[in-house]
1. Could you count how many residues in the range 68-96 are in contact (Cβ under 8 Å) with a residue 24 or more places away in the chain, aromatic (Phe, Trp, Tyr) and open to solvent by 40 Å² or more (accessible area, probe 1.4 Å)?
2. Just checking, how many residues over the range 28-50 are open to solvent by 70 Å² or more (accessible area, probe 1.4 Å) and either of a type in the set (Phe, Trp, Tyr) or closer than 30 Å to residue 175 by Cα (or both)?
3. Just need a number here: residues in the range 115-135 that are assigned to a loop (DSSP other than H, G, I, E, B) and open to solvent by less than 90 Å² (accessible area, probe 1.4 Å).
4. Out of 169, 121, 147, I need the residue that is of a type in the set (A, V, I, L, M, F, W, C) and over 30 Å from residue 2 (Cα atoms). Which one?
5. Going residue by residue through the range 76-99, is there one that turns out to be of a type in the set (Phe, Trp, Tyr), in a helix (DSSP H, G or I), under 17 Å from residue 50 (Cβ atoms) and under 15 Å from the mean Cα position of the chain (by Cα)?
6. Is it the case that residue 41 is in contact (Cβ under 8 Å) with a residue 12 or more places away in the chain and of a type in the set (D, E, K, R)?
7. Within the range 118-161, work out how many residues are under 18 Å from the mean Cα position of the chain (by Cα) and touching a residue at least 60 places away in the same chain (Cβ under 8 Å).
8. Do we have residue 17 as farther than 23 Å from residue 112 by Cβ and either outside any helix (DSSP H, G or I) or within 20 Å of the chain's Cα centre (by Cα) (or both) here?
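The values are calculated or read from the model by the stated rules, or taken from the named source; none is laboratory data. This is a predicted model, so every value here is computed, not measured. Every residue, glycine as well, gets a Cβ built from its backbone with ideal geometry; the counts of neighbours run over all protein chains shown. SASA here: full protein model, heavy atoms, side chains in, ligands and nucleic acids out. Shrake-Rupley method; radii C 1.70, N 1.55, O 1.52, S 1.80 Å.
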Amino acid sequence: MSDIAIFIAGLFGMGIVGIATAIFMLRLNPANIQYFEKIARLRHVGAILAFIGLLWCVPNAKPIVWDWMLPALYPLVLAFTIIAWLFLDYLFARAVGGLCILTAYWFLHDAFTFHSLWSPLFAIFCWTIGIAGLFFSAKPHLFRDMLRKIADRQIWKVSITTYLILFALFSITSAIMLLAK
């Protein structure tokens with residue numbers, strides 16, 4: 001599979017994830033927030049997402065680690081996933097934050113590599129996701145607090161779901177335009 005085909009599949013996937021997340025955010029309300037705010041602390045799902053994120057880091061780490069460390073990278077992914085599962089609180093929020101950072105970097109890089117539609121505007125969307133990922137990784141309780149604000153305040157719900165839907169539609173449109181080239 002070529003790099004551009006993977007990028008196009010990623011754009012379609014981001015569109016689906018963005019729309020699904022927006023639908024989830026629209027369903028949040030004060031009556032069900034007690035149930036959904038626990039998502040930030042999910043250990044098992046967070047461990048799976050952390051494992052995926054750490055696996056994604058291995059190709060990026062290969063050029064910068066010493067040669068003697070190369071065979072240890074994949075076992076370290078497994079070891080650090082287990083350590084994270086055992087010792088980190090808010091593992092889901094941290095893993096989502098890490099995946100947001102990786103996704104933003106990858107989309108930003110490939111959007112300019114493959115001359116995606118409106119790359120400068122797409123960069124703003126990517127930076128926003130990356131910055132949110134930085135906040136969720138550094139202070140994972142902000143993920144829970146964001147869910148609470150979305151459930152309680154209409155301005156938060158409208159702004160975040162609008163952003164997610166715009167980013168999803170922009171991703172899908174960019175994928176279709178790259179397919180048409």
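1. Total meeting the criteria: 2.
2. Matching residues across the range 28-50 total 2.
3. 2
4. On the way: 169 fails: over 30 Å from residue 2 (Cα atoms); 121 fails: over 30 Å from residue 2 (Cα atoms).
Answer to the check: 147.
5. Yes, the conditions are met somewhere in the range 76-99.
6. yes
7. Residues meeting the conditions: 7.
8. Against the criterion (farther than 23 Å from residue 112 by Cβ and either outside any helix (DSSP H, G or I) or within 20 Å of the chain's Cα centre (by Cα) (or both)), residue 17 does not qualify.
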